[in-house]
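Just so it is clear, none of the values below were taken in a lab; they were calculated from the coordinates. All values derive from a computational prediction rather than experimental measurement. Because the Cβ atoms are built from the backbone with ideal geometry, glycine has one as well, and the counts that use them run over all protein chains shown.
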Amino acid sequence: MNAELLYEKLLAHLRIRAKSGSFELAGLAMGGAWIAERLAKDLGLPHYGVINVAFHRDDYAEKGMTALRTASTMSTKLPFDVNGANVILIDDVLLTGRTVRAALNELFDFGRPAQVELMVLADRRSRELPVSANFAGEVVQVADEQILVLEKDSTGKFSFQLEERES
């Protein structure tokens with residue numbers, strides 16, 4: 001699967017979406033924030049937000065220091081008023097829905113948006129919570145023992161790597 005092609009699908013969809021009204025972009029740290037940053041640049045938006053879910057994760061006790069490191073390297077930053085905003089959450093991969101649930105908790109810590117939509121590059125369709133994307137670049141099949149990891153090169157181009165899940 002070509003992450004750059006999927007990015008172009010998201011960008012095209014947002015260009016159409018921009019014609020029907022204003023919105024704010026907020027990317028989930030890390031991969032979603034990379035995507036939101038590039039989308040904001042390509043769409044000529046004045047800013048984008050970053051949402052770090054580390055402190056709202058339901059597996060925080062298991063992740064511990066890893067979650068803390070992520071929170072310190074890419075903290076939540078929302079350069080817009082969340083109250084009444086139409087927010088589009090951006091993430092790289094949607095799997096169980098738990099990260100999106102945590103992102104919503106973090107977002108609502110900053111206010112009450114009028115609407116929240118979800119856009120992802122890849123949807124793995126393996127939910128544990130009732131969460132679905134308003135737009136997905138592609139629905140993908142990946143073995144349960146593997147994870148799909150978004151990578152960004154020095155030029156800002158995206159690619160996906162398959163990695164084995166830690167036991």
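Taking the chain as the region of interest, the number of lysine pairs whose Cα atoms are within less than 24 Å, with members eight or more places apart or on different chains, is 12.
With the simple spin-label model, which puts each label point 7 Å out from Cα in the Cβ direction, the K152 to K19 separation comes to 2.9 nm. For the chain, the convex hull spanned by the alpha carbon atoms encloses 117 Å³ per residue.
For the chain, a simple Cβ point-charge model (Lys and Arg +1, Asp and Glu -1, everything else neutral) yields a dipole of about 520 debye relative to the Cα centre.
Once the chain from E117 to K9 is taken as fully extended at 0.36 nm per residue, the excess over their C-alpha distance is 37.3 nm. DSSP beta bridges confined to the chain are antiparallel in about 30 percent of cases. Spin-label pair R125-F55: with each label point 7 Å from Cα along the Cα-Cβ axis, the two points sit 3.8 nm from one another. From its DSSP helices (H runs of at least four residues, each -39,500 (n - 2.57)), the chain gives a residue-normalised ellipticity at 222 nm of -9500 deg cm²/dmol.
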